[in-house]
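Notes follow the structure.
The values are calculated or read from the model by the stated rules, or taken from the named source; none is laboratory data. Quantities reported herein were computed from a predicted structural model and do not represent experimental measurements. All Cβ positions, glycine included, derive from the backbone under ideal geometry; neighbour counts span all protein chains shown. Remember, those area values only see protein heavy atoms, side chains included, never the ligands or the DNA or RNA. Shrake-Rupley method; radii C 1.70, N 1.55, O 1.52, S 1.80 Å.
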There are 2 protein chains.
Amino acid sequence: MVKISDVARHAGVSPSTVSYVLSGKRSISDQTRRRVMDSIRALGYRPHAGARALASNRSNVIALVVPLRSGIHVPIVMQMVIAAVTSARSYDHDVLLLTQDEGVGGLERVAGSSLVDAILVMDVEMHDVRLPVLRSLDRPSVLIGFPADPTGLTCVDWDFEAAGAACAEYLADLGHSEIALIGAPPAVYERGTGFAERTKAGFQRAAAERGVHAVVRPCDPDHAREAADELLRDHPNVTGIAVHNEPAVEHLLSAFRATGRRIPDDLSFIAIAPDDLAERLDLTSISIPAEELGRQAVALLMEKLDGHQPPGSTLLPSRLVLRSSTPAA
Amino acid sequence: MVKISDVARHAGVSPSTVSYVLSGKRSISDQTRRRVMDSIRALGYRPHAGARALASNRSNVIALVVPLRSGIHVPIVMQMVIAAVTSARSYDHDVLLLTQDEGVGGLERVAGSSLVDAILVMDVEMHDVRLPVLRSLDRPSVLIGFPADPTGLTCVDWDFEAAGAACAEYLADLGHSEIALIGAPPAVYERGTGFAERTKAGFQRAAAERGVHAVVRPCDPDHAREAADELLRDHPNVTGIAVHNEPAVEHLLSAFRATGRRIPDDLSFIAIAPDDLAERLDLTSISIPAEELGRQAVALLMEKLDGHQPPGSTLLPSRLVLRSSTPAA
DNA sequence: GGCATTCGTCGAAGCGCTTCGACAATTTTC
DNA sequence: GAAAATTGTCGAAGCGCTTCGACGAATGCC
């Protein structure tokens, strides 16, 4: 193994000088810098991560806690994970993966042993058991999703309230007077996950403001057909539909078509879903960019690592993308 | 921060004794062990990961390289990742996530800097550019998937050849004399990914052995209906179908039904797919257990870290699960 | 032109742990 | 019952790096 002292000898400088060349924490003459860099390349030197972590008290690794649960669309999670890793790399950090089931103990472990400098938690619940630890830990953290009480935490999520509202507003704009939101599986609501409630709230508020009648239904993806049938049976005059349930979108679509209704002629259909899905099915959608959320979360984490204090809550705007499941304006 | 010397003082022993209690590398009297453990708990001591890595030359972290590409079913990847992390934890290791696009440089970086002790690579291609590095690196690695030349490498994968053969055999058993395999998207074949070819080879070999006529078609999930129609147009007498293409399964199913054929009465349908998908659609399937593959890969890696020499190639058997897309025997 | 800064580099200390050799005390062996 | 082996513990060295204070040399300032 080639170490910093080897590089120093080869370049004719002291080890500390090599270190300063690498970190840029003190000024170094151009000539020296060049010589050192050449030696580094010539010898193939790589700083030892552990030694670095020990001496500098920084591991340059962040923890990413991924959810295991059902009810969240796996491809979205994966996209966010990939985006987070890619983004972390651009800040010269690596990502240590933890699963939800490591729980509080896992967080204490990786933080307490200085394995990681900071923690990114995906899929936070309203009354998440990890909140107290995250507040008391000596390392910064960022949560993806909003708990009931975000005091003292940094949280980021899509603006589902706005997404729900945008659906209702656009459906109202299109002239529908009775509209429906088909949301997450019942289990997600029961668990008190914030995002489902927020979409619902936005949808209902905007509908009320526009004076259109709104109904909201949960939907288990395995029983999408039944959900669609029941909705139209109970509310036969619904003509505008918003769906916030990725795995069910496709089934709902064919279920509605199977009732003889044409889309967009008889029924307007908006999906709250990632672009790739909406694009594939050619659906008007509120896009929820997974990559951007992952990137943004890492950016906030890096802010905190740099000693700054980013806003406690960040809501990522989603935008309406018109495709062919709603009538041309 | 509480360190090993604090624990030592509190327990009235030397730091090395504390270390040996923790590592078990030397015998320690029961009494001392108990006192030390009590002190550790009392003080909330956690060994510093960096210091440990520096002194012991082991980080207790493994790298996991995940694919970014299309053509592989995301939920399967996710399941394997989760299984790998969970499994690694059971060996007291953590997992550092790398993306495919870090490429050769990424492997050299994490290995060279001693950030990780070993590397797990998912989704290896036939002529993967990373093969030479993996062979020459000073840390052990395990590949999920088989390259063209696995010499000097440890590889593990599902036994797709056997899976393909099992499909053909069971369809022959059911009395079908003309059968088809609908495989991965064309891009996957073009890329020369091993698994697609191996399924095909097994299917064709077994069909030939049983004297039934076999056709094999690639399939882009976005054009499943066309694929189904073309197949039945070109080969109207096909009555047994195997599908090895998770995202397309559902579409293919409805496409075949849309031609007026009933499943299983007119058409036998076998999916090579993970259990949850096959279960949901109630399909007879060759199950490919993602978790087990992740676990097995980590187990092999740990073998190597312990200085053992596991077999160079491991094929995980898949089994036929009868459900209702084939006629009852 | 003298004094205060800034620049560029070095040496040494120290980060928190593991591990090796040493050694007294105990146990085993013939 | 003396010699040999084993057990349980300690002290010190060292893993490879960063960082702090020091200091000579170059530069800025009025």
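Scanning region B:296-329 for residues that are over 13 Å from the mean Cα position of the chain (by Cα), surrounded by fewer than 17 Cβ atoms within 10 Å (Cβ to Cβ), assigned to a loop (DSSP other than H, G, I, E, B) and not hydrophobic (A, V, I, L, M, F, W, C) returns B:Asp306, B:Gly307, B:His308, B:Gln309, B:Pro311, B:Gly312, B:Arg323, B:Ser324, B:Pro327. Would a scan of region A:125-135 turn up a residue that is surrounded by fewer than 21 Cβ atoms within 10 Å (Cβ to Cβ) and within 14 Å of chain B (Cβ to nearest Cβ)? Yes, there is a match, as at least one residue in region A:125-135 is surrounded by fewer than 21 Cβ atoms within 10 Å (Cβ to Cβ) and within 14 Å of chain B (Cβ to nearest Cβ). Close Cβ contacts (under 6 Å, 6 or more residues apart or on different chains) running from residues in region B:1-16 that are within 15 Å of B:Arg52 (Cα to Cα) to residues that are not in a helix (DSSP H, G or I) comprise B:Val2/B:Tyr45. Set side by side, the residues A:Tyr91, A:Tyr45 differ, and just one is aromatic (Phe, Trp, Tyr), surrounded by 18 or more Cβ atoms within 10 Å (Cβ to Cβ) and more than 7 Å from every other protein chain (Cβ to nearest Cβ), which is A:Tyr45. Number of residues in region B:73-88 that are facing chain A (nearest Cβ under 7 Å) and of a type outside the set (A, V, I, L, M, F, W, C) equals 2. Within region B:29-45, does at least one residue satisfy the condition of being closer than 19 Å to A:Pro67 by Cα and away from DNA strand D (no atom under 15 Å from the Cβ)? No. Per the listing A:Ala83, A:Ala88, the residue uniquely among the aliphatic types (A, V, I, L, M), more than 9 Å from DNA strand C (Cβ to nearest atom), in contact (Cβ under 8 Å) with a residue 60 or more places away in the chain and out of contact with any strand residue (DSSP E or B) (no Cβ under 9 Å at 6 or more places or on another chain) is A:Ala83.
From the list B:Val85, B:Val65, B:Val77, the one residue that fits, being in the same structural domain as B:Gly294 (by TED's automatic domain parsing) and outside any helix (DSSP H, G or I), is B:Val65. Might you let me know whether region A:182-202 holds any residue that is over 22 Å from the mean Cα position of the chain (by Cα) and open to solvent by less than 10 Å² (accessible area, probe 1.4 Å)? Among the residues of region A:182-202, not one is over 22 Å from the mean Cα position of the chain (by Cα) and open to solvent by less than 10 Å² (accessible area, probe 1.4 Å), which makes the answer no.
Look at (1) closer than 25 Å to A:Asp138 by Cα; (2) more than 10 Å from DNA strand D (Cβ to nearest atom) and you find that B:Ser87 fails only one, number (1).
Within region B:49-69, is even one residue out of contact with any strand residue (DSSP E or B) (no Cβ under 9 Å at 6 or more places or on another chain), away from chain A (no Cβ under 11 Å) and open to solvent by less than 20 Å² (accessible area, probe 1.4 Å)? Checked against the condition, which is being out of contact with any strand residue (DSSP E or B) (no Cβ under 9 Å at 6 or more places or on another chain), away from chain A (no Cβ under 11 Å) and open to solvent by less than 20 Å² (accessible area, probe 1.4 Å), region B:49-69 yields no hits at all. Of the residues making up region A:12-28, those that are near DNA strand D (Cβ under 8 Å from one of its atoms), of a type in the set (Ser, Thr, Tyr) and open to solvent by 90 Å² or more (accessible area, probe 1.4 Å) number 0.
Taken together, the residues in region A:1-11 that are at pLDDT 95 or above and open to solvent by 60 Å² or more (accessible area, probe 1.4 Å) amount to 3.
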